[in-house]
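Working notes, structure below.
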Amino acid sequence: MTPGEKVAAIAKYLGFSSVELAELAMISPTEVLNFESGASQPSAKTLQIASKLFGTTVESLTNGKSIDEDMQDRTSMKLANWNQVSNHDQRELKIFSSYLNATAANAKRSVI
């Protein structure tokens, strides 16, 4: 998954339209549409802003893994050390856990 695809997927899951994401990231709606379509990738500045908006890290947005793979890795690490996890990381874990649950529910509905 490219950084642009990941930013677009997380934004969509959190309920941001392309225009809202553009406003929050201080970029043009055309730039958002370009990375949503794969025509270009978000800039380093856009990735930094998106990581703050989404409660995640730039590394998480750029590691090439799907959101599911990324969260499985991160969840395993964080659950092993829950008492040592910062509030920021706990928030991130809850957001992505919600995403995984919604994805699983949608997958079950599409199979039925």
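Please identify which residues in segment 5-25 have an amide N closer than 12 Å to a label point set 7 Å out from the Cα of residue 44, following the Cα→Cβ vector. Under 12 Å, as judged by backbone N against the label point of residue 44, lies no residue of segment 5-25.
Evaluated at q = 0.14 Å⁻¹, the base-10 log of the normalised Debye intensity for segment 3-62, with identical point scatterers placed on the Cα atoms, takes the values -0.28.
Values quoted throughout were computed directly from the atomic coordinates according to the rules given, and no laboratory measurement underlies them. The structure displayed is predicted, hence computed values, not measured ones. Note that we place each Cβ from the backbone using ideal geometry, even for glycine, and neighbour counts take in every protein chain shown.
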